[in-house]
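Please treat every number below as a calculation from the coordinates, not as lab data. Computed from a prediction, not measured in an experiment: that's the story for all the values here. We place every Cβ from the backbone using ideal geometry, glycine too, and count neighbours over all the protein chains shown.
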Amino acid sequence: MSEGAKLAIKGGPKSVTKDPGDMFTWPIITQEDEDAVLEVLRRGAMSGTDVTMEFEKDYAEWHGVEYALGVSSGTAALQSAMWACGVGVGDEIIGPSLTYWATNLPAFSLQATIVFGDVDPDTLCLDPNDIEHRITEHTKAIVPVHYCGHPADMDPIMEIAEKHNVKVIEDVSHAHGALYKGRLVGTIGHIGAFSVMSGKALAVGEGGMIITNDRKLWERCMVWGHYERTAATRWTGELEEKYITDPELTPFVGLPWGGYKYRMHQLSSACGRVQLKHYRGRMEEVQKAMNYFWDLLEGVPGLKAHRPAKDSGSTMGGWYASRGLYRAEELDGLDIGVFCKAVTAEGCSTGPGINRPMHLHPLLNDADIYGHGKPTRIANSDRDLRQPEGSLPVTEAMPRACYGIPWFKHYRPEIIEEYAMAFKKVAENADQLADIEPE
């Protein structure tokens, strides 16, 4: 065995030796961002809406849709979208358990509940084959998540939704700019909800965005948490028109139906306009870098890329929360924790894991949040919807079948190659780890 093949955890040389510089710095903030934010700050317009409305216009145009609405968070976007789609007392939404809590928990505040579907082991997204049998007369919406940047399989999901006359709310908080068969995610379902908080692929500070081509859904999102706009007008180029035109909504303008104030903070809006202007180019560089990383690992045993097929017309967008898929059986059953420990010793920090499956959390099974005298999950249901351990086998296996990978922000081959080598070296010399016990 050559010295270079000896794993660092066993005393060999590290794979990663170069200073990455600003390779992992995100978001990229320039003088243009600072000037835009300071302009809002200096005129005291932080709680206004003029800059937010311009950001909404930019966002809608970027996605090629009619309407956008800026909100205070991705959670607010999802809750607003649910209510707009008619989710209420005793209703059900279907979504993945493998996701951030904000995808599903807003249903509780609407006195609705959640039915979880399993995920596809290669995409980590809601499996279309595990949806239809869960639909009942109470189902109002399907909420697919483009999880860890990977687009969900939207065509069959839309077919199921149309067959059963339910709405589709896309959670795009992980996948800004991703494509599904050539179409921007968020534009395929009836309504799309985004988080644009710092740390996301499109990071503007703190906030969320809603997009749709359905004016009724847009107006309903607005009346839910934007009281100051409901009785106002908007300039549409050659005329002014009322924001709220739906006769079911117009008698109640001036107060928010949900009792929430969900407008986006304008410091975030100002930063967002600048970030969005540069996002496509920055995203394309991220894609080039991340795809190069996985190309270097093509065919390495135990490691599978979490990305769409190259000829699919689908992409990962900004690659937020990027992950690799671990196939222990190709490495003689090597524990993922041992594998990740060895990669970290090579100079590339990683670890196993992903979001904890929601359906197993006590809050989803035992908590009485609103004082119903029974768990909120089933408080307004006609049956016990709780899903115990073993009910979603693919989802439950994923925390031990995924690991973190570097999120490269620039295409610098000499840096990327070192990080790829850390994974490749460990996988190809996994026999050296036989005496290391899992933690």
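Couple of notes before you dig in:
- In this label model, residue 57 and residue 38 are separated by 2.5 nm, measuring between points 7 Å along each Cα→Cβ vector.
- In the range 352-439, the C-alpha radius of gyration followed by the widest Cα-Cα span (Dmax) gives 21.0, 60 angstrom.
- With Cα atoms, 0 to 90° folded angle of helix 154-164 axis to the chain main axis: 40 degrees
- Residue with peak Gaussian network fluctuation, the chain [Cα springs, cutoff 10 Å], from 418, 56, 162: 162
- Violating pairs (Cα-Cα greater than 23 angstrom) within the set 167/374; 167/200; 181/216; 200/409; 200/424; 288/341: 167/374; 167/200; 181/216; 200/424; 288/341
- Three semi-axes of the equivalent ellipsoid, the range 76-175, Cα gyration tensor, whole Å, largest first: 19, 16, 11
- Cut-off 17 Å, label 7 Å out along Cα→Cβ of residue 10, residues of the range 408-439 by amide N: 422-438
- Full extension of the chain between residue 400 and residue 382 gives 3.0 nm of extra length, using 0.36 nm per residue less the Cα-Cα distance.
- Helix axis angle, 215-225 relative to the chain longest principal axis, alpha carbon, degrees: 90 degrees
- Simple label model, 7 Å out from Cα along Cβ direction - residue 159 to residue 312, nm: 1.7 nm
- Cross-link reach list, aspartates and glutamates versus residue 10, counting only Cα pairs under 15 Å and skipping chain neighbours closer than eight places: 346, 428, 431, 435, 437
- Applying both filters, DSSP loop and at most 12 other Cβ atoms within 10 Å, to the GluC sites (Glu not before Pro) of the range 277-375 gives 298.
- Extended-chain gain in nm, criterion 0.36 nm per residue less alpha-carbon gap, residue 369 and residue 284: 26.2 nm
- Charge dipole (the chain, unit charges on Cβ, about Cα centre) - positive-most of 243, 231, 73: 231
- Coordinate range of the alpha-carbon atoms in the chain per principal axis, descending: 79, 56, 39 Å.
- Where only DSSP H runs of four or more residues are counted, the chain gives -9000 deg cm²/dmol as its mean residue ellipticity at 222 nm, each run worth -39500 (n - 2.57).
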